[in-house]
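What follows is a short report on a single structure.
The values are calculated or read from the model by the stated rules, or taken from the named source; none is laboratory data. Model, not experiment: these values are computed from the prediction. All Cβ positions, glycine included, derive from the backbone under ideal geometry; neighbour counts span all protein chains shown.
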Amino acid sequence: MATTGIQSSALYSGSSATDQTASAARTSTSAASGSGKSNQTLDMNAFLEMFMTQLKYQDPTNPLESYELASQLAQFSTVEQLTTLNNSVSDQQDLLLSINYGQMVNMVGKEVVGLDNSLQLKEGQTNRGAYRLDTSAAEVTVKITDSQGGVVRTMTLGAKTAGQYDLEWDGRNDAGETMPDGTYKFTVMAEDNGGNSIDVTEMVIDKVYAFRFDSGSPYLILGGEDGIKLPIGAVLEVHEAPAA
């Protein structure tokens, strides 16, 4: 019974066929290597060359059945189609990424609202922070922390109805001292009349200074060269920047 498959060592019978197979395999491998392809795989031309050699030198007293020939062709055809499909999908992904990144570049100079709670303090001024309450709160408290997580300012804002509010911080600590320039965080806590916590959405609002990659991930840089790094997925809104 003839052996099926597409590997050269299993395709032929007899010394003459074996010699021809080895010769075809060397020729195919050499061609693949010359074109920059791995010598561990067969491309379409190499497979067809070996396939035709198999037909030419098969044992005439025990030829391959038609279903065996069809099986070999079907196996290679399936692999070839999957490889082509994979390459096509990869090319489309690259195209979509390039389009998305191009859109991100167009955001430079626009004002964005993003999910973040960072404050950049410089000469007593900060970027805009904001928070949103989905329901009314009986008490709202804001804590400002430094880069080590220490609380430098606690602000009690009282009752607030549902809505969005700007965060106002003058850059001073609880003792009234001006804090040094740097990055701070704000945390907004809200409670209802029963003392139960209410969900709060913390946001930053600033002008996009640059679009930048960091460790392979895309970010928008807000406010200036050393401004807040806002992940692309954290962007909520994009607006035209207000006139200075």
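Yes or no: Asp166 acidic (Asp, Glu), within 19 Å of Ala241 (Cα to Cα) and in contact (Cβ under 8 Å) with a residue 24 or more places away in the chain?
Spelling it out, Asp166 is indeed acidic (Asp, Glu), within 19 Å of Ala241 (Cα to Cα) and in contact (Cβ under 8 Å) with a residue 24 or more places away in the chain.
Test Asp206 against the stated conditions and say whether it is of a type outside the set (Val, Ile, Thr), assigned by TED's automatic domain parsing to the domain that holds Glu139, within 32 Å of the chain's Cα centre (by Cα) and exposed (fewer than 14 other Cβ atoms within 10 Å of the Cβ).
no
Looking at (1) in a loop (DSSP other than H, G, I, E, B); (2) at pLDDT 95 or above; (3) within 26 Å of the chain's Cα centre (by Cα), can you tell me which one Asp174 breaks?
(3)
Residues being part of a strand (DSSP E or B), under 16 Å from Met107 (Cα atoms) and among the small types (Gly, Ala, Ser): count how many of those fall in the range 191-230.
Qualifying residue count for the region: 1.
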